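Trainee: Please read through the structure below; I'll follow up with questions.
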Amino acid sequence: MAMFDKKSVLVLGGSRGIGAAIVRRFVADGANVTFTYSGSQAAAEELAAETTSKAVQTDSADRAAVIAQVRDSGPLDVLVVNAGIAMFGDALELDPDAVDRLFKINVHAPYHASVEAARRMPQGGRIIVIGSVNGDRMPVPGMAAYALSKSALQGLARGLARDFGPRGITVNVVQPGPIDTDANPADGPMKDLLHGFMAIKRHGQPGEVAAMVAWLAGPEAGFVTGAMHTIDGGFGA
Ligand code: NDP
């Protein structure tokens, strides 16, 4: 029997990059997977067809839509909140509405989705949020809002782990370093700068992050909660 046979998994933000690798991993391990996307309809439909998962358009900036999607997908054995955006630029110049949208997607949605999922999650359920090593270390200027949003997820995991621990539900954050995706291509202009901070001087692969997520969602990780799990090639070391 596959590890996640008949398990119900929702991945928020699964159409591309790390989220798509997480979708592929859970499907390969036997789960029934639904994932959301925002703008990448073609990529989402292709992935859904390839993996026999279900794609639904849900903007993570829309709190009511996120809560409704989690409710309609439940009861969930596993919730993975991957959807996130980055923003670069002089803090004195950034559009405050754009900054607030980042907070909605990167912070508000993970909180509200996690709480809604927990309402009907069975004993032993799993909530996994994709943070960033930038929640611990922000070595360049121009990314304070992003770093703030990823640090906030640490408080989310610590707090909700206490709320849901009595039901055996675990809440964890996976904190990647540079991973080769559209958002941070391995051959992009930031490559040399990023690799300069790292002990292992390469971008990680989305599948490496998905493997950590799968372990946290699996039966061996039932005693792991309220914790940050960094996978960053030593970026934060
Ligand atoms: P990508 O930009 O490659 O993919 C982002 C995914 O999130 C897409 O599937 C996208 O869907 C979805 N998404 C974005 N905004 C929304 C939204 N408003 N509503 C619903 N879905 C949305 O990013 P990555 O794969 O690189 O990053 C995934 C996560 O990992 C993010 O939380 C990011 O912060 C984190 N991370 C990434 C690192 C990296 O180096 N790549 C390093 C550290 C953390 P669509 O295209 O349909 O909008």
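Trainee: Around residue 232, what is the net charge, scoring Lys/Arg as +1 and Asp/Glu as -1 over all other residues with Cβ under 10 Å from its Cβ?
Mentor: 0
Trainee: While we're on this one: Answer with one residue from 145, 76, 37: the one whose Cα lies farthest towards the positive end of the charge dipole of segment 8-231, charges on Cβ with Lys, Arg +1 and Asp, Glu -1.
Mentor: 76
Trainee: Å³ per residue of the Cα convex hull, for segment 1-131?
Mentor: About 100 Å³ per residue, rounded to a whole number.
Trainee: If you wrap a convex hull around the C-alpha atoms of segment 5-68 and split its volume per residue, what is the figure in Å³?
Mentor: 68
Trainee: Where does each of 131-139, 48-56 land if you order them by average Cβ count within 10 Å, highest first?
Mentor: 131-139, 48-56
Trainee: Could you work out Rg/(2.2 N^0.38 Å) for segment 130-230, with Rg from alpha carbons only?
Mentor: Dividing the Cα Rg of segment 130-230 by 2.2 N^0.38 Å gives 1.17.
Trainee: Might you tell me the accessible area per residue for the chain, computed with a 1.4 Å probe and given in Å²?
Mentor: It amounts to 46 Å² per residue over the chain.
Trainee: Residues with amide H under 5 Å of residue 181's amide H, sequence separation 5 or more or different chain, H placed in the peptide plane at 1.01 Å from N; which?
Mentor: 186
Trainee: Next question, about the same structure. Dividing the Cα radius of gyration by the Kirkwood radius, what Rg/Rh value follows for the chain?
Mentor: That ratio equals 0.94.
Trainee: Which one, 18, 85, 230, projects farthest toward the positive side of the charge dipole computed for the chain from Cβ point charges (K/R +1, D/E -1)?
Mentor: 230
Trainee: Which residues' amide hydrogens lie under 5 Å from the amide hydrogen of residue 231, considering only partners 5 or more residues apart or on another chain, with H built in the peptide plane?
Mentor: 175, 177
Trainee: Let me ask something else about it. Just to confirm the number: angle between the C-alpha axis of helix 144-164 and the first principal axis of the chain, 0 to 90 degrees, nearest 10?
Mentor: Long axis of 144-164 versus the principal axis of the chain: about 30 degrees.
Trainee: Another question about this same structure. With each label point set 7 Å from Cα along the Cα-Cβ vector, what nm distance links residue 202 and residue 1?
Mentor: Between residue 202 and residue 1, the simple spin-label model gives 3.7 nm.
Trainee: For the chain, give the magnitude of the charge dipole about the Cα centre (Cβ charges: +1 Lys/Arg, -1 Asp/Glu; no others), in debye to the nearest 20.
Mentor: 780
Trainee: Tilt of helix 63-73 relative to the longest C-alpha principal axis of the chain, in degrees (0 to 90, nearest 10)?
Mentor: Compared with the principal axis, the helix lies near 40 degrees.
Trainee: Under a point spin-label approximation (7 Å from Cα along Cα-to-Cβ), what is the residue 120-residue 140 distance to one decimal in nm?
Mentor: 4.3
Trainee: Under the definition of Cα pairs under 8 Å and six or more residues apart, what whole-number percent is the relative contact order of segment 8-231?
Mentor: Averaging sequence separation for qualifying contacts and normalising by length gives 21 percent for segment 8-231.
Trainee: Check the chain and count each lysine pair with an alpha-carbon distance under 27 angstrom, considering only pairs eight or more places apart or from different chains.
Mentor: 7
Trainee: What is the spin-label model distance, in nm, from residue 50 to residue 167 if the labels are put 7 Å beyond Cα along the C-beta direction?
Mentor: 3.4
Trainee: Of all DSSP beta bridges located in segment 8-231, what percent are antiparallel, nearest 5?
Mentor: That works out to approximately 5 percent antiparallel.
Trainee: Considering only protein heavy atoms and a probe of 1.4 Å, how much of the accessible area of the chain is carbon and sulfur, as a whole percent?
Mentor: Here it works out to 53 percent.
Trainee: Report the accessible area of residue 230, computed with a 1.4 Å probe over the heavy atoms of all protein chains in place, in Å² rounded to the nearest 10.
Mentor: 60
Trainee: Determine the order of 46, 208 by accessible area, beginning with the largest, at a probe radius of 1.4 Å.
Mentor: Largest accessible area first, the list is 46, 208.
The values are calculated or read from the model by the stated rules, or taken from the named source; none is laboratory data. Just so it is clear, the structure is predicted and the values come from calculations on it, not from any experiment. Heads up, the Cβs are rebuilt from the backbone with ideal geometry, glycines too, and the neighbour counts pull from every protein chain shown. Calculation scope for accessible area: heavy atoms of the full protein, side chains included, ligands and nucleic acids excluded. Shrake-Rupley method; radii C 1.70, N 1.55, O 1.52, S 1.80 Å.
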